[in-house]
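Heads up, the thing below is written out as structure tokens.
The values are calculated or read from the model by the stated rules, or taken from the named source; none is laboratory data. Computed from a prediction, not measured in an experiment: that's the story for all the values here. Every residue, glycine among them, receives a Cβ derived from its backbone with ideal geometry; neighbour counts consider all protein chains shown. When the accessible area is computed, the model is the full protein with side chains, heavy atoms only, and any ligands, DNA or RNA have been set aside. Shrake-Rupley method; radii C 1.70, N 1.55, O 1.52, S 1.80 Å.
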Amino acid sequence: MKNKDFWGSIVFLVVAGVLYTYSSTYPVKEGGIAVLNPGFYPKLLSLILGVLSVALLVTSLKNPAKSNEGAGVLKSRKAVFLFSVTLFLLILYPFLLELLGFASSSFIFIFFLIFFLTEEAKKKMFIIFPMALALSFLMFFIFKVILKIPFPSGILI
Amino acid sequence: MSFDLYLAGLKYFSNPLMFLTSFFGVLVGIVFGALPGLTATMTIAVFIPFTFSLDPVVSFAFLLGLYTGAVYGGSISAILINIPGTPSAIATSLDGYPMCQQGRAGEAIGISTISSAIGGFFSVLVLSVAAPLIAGLALKFSAEEYVGITLIGLSVIAIISAGSTIKGLIGGVFGLILGTVGLDPITSFPRMIFGRAELIDGLDSIPIMIGVYGLAEMLTEIASLKHKTVVTQELNKVLPSLKDVKRLIPTMLRSSVIGTLIGAIPAAGGSIASLVAYGQEKKFSKRKELLGTGIIEGVAAPEAANNASTGGALIPMMTLGIPGDPMTAVLMGGLIIQGLRPGPILFQQQMPFVSSIFISLLLSVFFMLIIGLAGARVFSRLIMVKKNFLIPAVLVFCLVGSYAINNSLFDVGVLIVAGFFGFLLKQLKFSVAPIILGMILGPLFESNLRRSLMLSQGDWSTFVTRPISLFFLIVVVLVLVGPLVLDRVRKK
């Protein structure tokens, strides 16, 4: 099993390759010096990135097995579940914001996130619901009333 | 250089709002810095969008308050629960937590507060003297010199970031690549905008910074199931005795110098400063054999150093536009959002604003001293806030903050993408600091690089024929190659 550096170097090598190819499509001024062309600098960077990625690839192959010193992240089904729920709520938020307005979307976001993050033993609705309401109200007060941020107006508040 | 320079900013302080803002900034900074999982960099990043509507002088008073408060605040949880609230407090827990275990947490916090204040004051003095001098020098810099300095910043951060130097350099170059999104500064040709009008001015660095420092941290906490509550102890006496303070003077002075110097090196900041200061304490302290067991020198040294690095880091940021550490990189965002470009021109054209920065920093150190000593007991309760409530609140701050910059949901999208990739990069053991620095310095680097080459008609030797530029390039090589050579020498 190749270690993380190996995969990291592959990813950046691909990024370098894609960038070089893409920058090569930019217009080139005939007869002018290369530095004037919009593709000059991105191509230069992609070359440097490519060289560095190859260097990382080589060192990762020379020093393999430091791989499994992971920070204990996503090691259990619960962790993966919570992570996925959080990501889902984050992606959902902008859509809710536009549809429902700031207060409602923030309440939904906060409520569900608190609910999922709270340990089973402490998962009491009579604590979670008011806390979510209180936090949402605080956010509303700070951002809408005091800072007057112009949020999209949705069908609710 | 006349004294009028420094007094020019005083006129802003006839407005009581300045004091209120600075005080509030320090308070919020301490709270956020103390809470484990919320870093100082993240605190500043999250609040920048909200300063946009304020006057630049007031906004910076707030941000500097956050900066000072948060760097100090990290020591509170480092001492009480052995979890540094910010990376610059890592060394503080080495003696701070043992002191806490011995029932001397209050004393540790008191020492930490006073040392941070001494470090902070010292660095403001150095900043206010050195910055105008360096800005004067920098006026003589031309494009080649800026290329050299930018490379120094990128190589320093590559060396000091977690993970190998190669990964740091990859991060830096990737950041430079992200900086190419938008219109080419010379030909105005749109690069990598994928048809989106929002990208014409380039990727906004603020949502990206909030994403990688804020969102990614929270995602990591969630993914590692680190959201249980912690318990702390009651605090007894907080104010240290005069005898203790006298004993600490050499330590605090030495660490303040170290902190200011390291802060002034582009890209090296509080965490390095505090570790080096602690290391030096191990060499020079009269009680060095007791370090690690819970002695006041072990708290005073890193805390004086990390707050000293705040003023130091502002030197290259303000005079050259090169951030002295990740936090000043974010602070730069706060300047740019107000339409102010850091660099020698700022000193020429906006001297009252510059001097107001010196005064605001001084004020925030003063407020930090007062709030730290008076509020220690309150803060010790505060860090027990349950994570299952804190994390959602912080996430909403991140989301709203990103939206508020341009009232754009696109920026919220950028935030989420940056947060996700920031999380992934952490897992691949890539540090994000080089990427952020590369992004921020990218436009400066590109325009100066291309300008130099245009003037020299494509001749690359222009970078080595100019003496100052050559000097900077030699420094870059030394920074990158030096540690490798030292390693080889040591092995022999």
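Structure values in brief
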quantity	calculated
Overall dimensions of segment B:263-339 by Cα: Rg and Dmax, Å	15.1, 52
Net lengthening on full extension, A:Val58/A:Leu92 (0.36 nm per residue, minus Cα-Cα)	8.1 nm
Segment B:426-492: proportion of alpha-carbon pairs further apart than 21 angstrom, %	50
Per-bin percent of Cα-Cα distances, segment B:283-424 [5 Å]	2, 7, 10, 13, 13, 16, 17, 12, 6, 3, 1, 0
5 Å binning of all Cα-Cα separations within segment B:17-69, expressed as whole percents from 0 upward	5, 25, 33, 24, 10, 3, 0
B:Lys283 - accessible surface, heavy atoms, 1.4 Å probe, Å² rounded to 10	130
Cα→Cβ-extended label distance, 7 Å offset, between A:Ala134 and B:Leu478, nm	5.7
Accessible-area composition of chain A, carbon plus sulfur, in percent [1.4 Å probe]	74
Amide H partners (placed H, <5 Å) of B:Ser224, local residues excluded	A:Leu74
Accessible area of segment B:233-272 belonging to carbon and sulfur atoms, whole % at 1.4 Å probe	73
Accessible area per residue in Å² at 1.4 Å probe, computed on segment B:323-380	30
Partner chain coverage, peptide B:411-424 - average Cβ within 10 angstrom	2
Heavy-atom accessible area, 1.4 Å probe, ligands and nucleic acids excluded: residues of segment A:126-157 down by at least 20 Å² from chain alone	A:Met131, A:Leu135, A:Met139, A:Phe143, A:Leu147, A:Ile149, A:Pro150, A:Phe151, A:Pro152
Ranked by how many other beta carbons lie within 10 Å on average, peptides B:436-443, B:312-319 from highest	B:312-319, B:436-443
Chain B, helix-only ellipticity at 222 nm - DSSP H runs n ≥ 4, -39,500 (n - 2.57), divided by all residues, nearest 500	-24000 deg cm²/dmol
Solution diffusion estimate, µm²/s, Stokes-Einstein, segment A:9-157, Kirkwood Rh from C-alpha pairs, 20 °C, viscosity 1.002 mPa s	105
Angle in degrees between helix B:433-455 and the longest Cα principal axis of chain B, rounded to the nearest 10	30
Average partner coverage of A:32-39, which counts Cβ from other chains inside 10 Å	6
Inter-part distance where segment B:54-72 and segment B:288-317 are each reduced to a Cα centre, Å	21
Accessible area in square angstrom per residue, segment A:25-157, 1.4 angstrom probe	56
Those residues of segment B:133-170 for which accessible area with every protein chain present is at least 10 Å² below the isolated value (1.4 Å probe)	B:Ile166, B:Lys167, B:Leu169, B:Ile170
Anisotropy class of segment B:109-243 from Cα gyration tensor, a/c 1.5 cut	oblate
All Cα pairs of segment B:196-293, percent lying beyond 20 Å	68
Rg(Cα)/(2.2 N^0.38 Å) for the protein assembly as shown, N = residue count	0.94
Residues whose placed amide H lies under 5 Å from that of B:Arg191, excluding near-sequence neighbours	B:Gly182, B:Leu183, B:Asp184
Inter-label distance for B:Ala162 and B:Leu373, nm, one decimal - labels placed 7 Å from Cα along Cα-to-Cβ	3.6
Between B and A, accessible area buried - total, square angstrom, nearest 100, 1.4 angstrom probe	5500
Rough spin-label spacing in nm, given labels placed 7 Å along Cα→Cβ, for A:Lys148 and B:Met384	4.1
Cα-based Rg of chain B normalised by 2.2 N^0.38 Å, two decimals	0.94
For residues of B:436-449, the mean tally of beta carbons on other chains within 10 Å	1
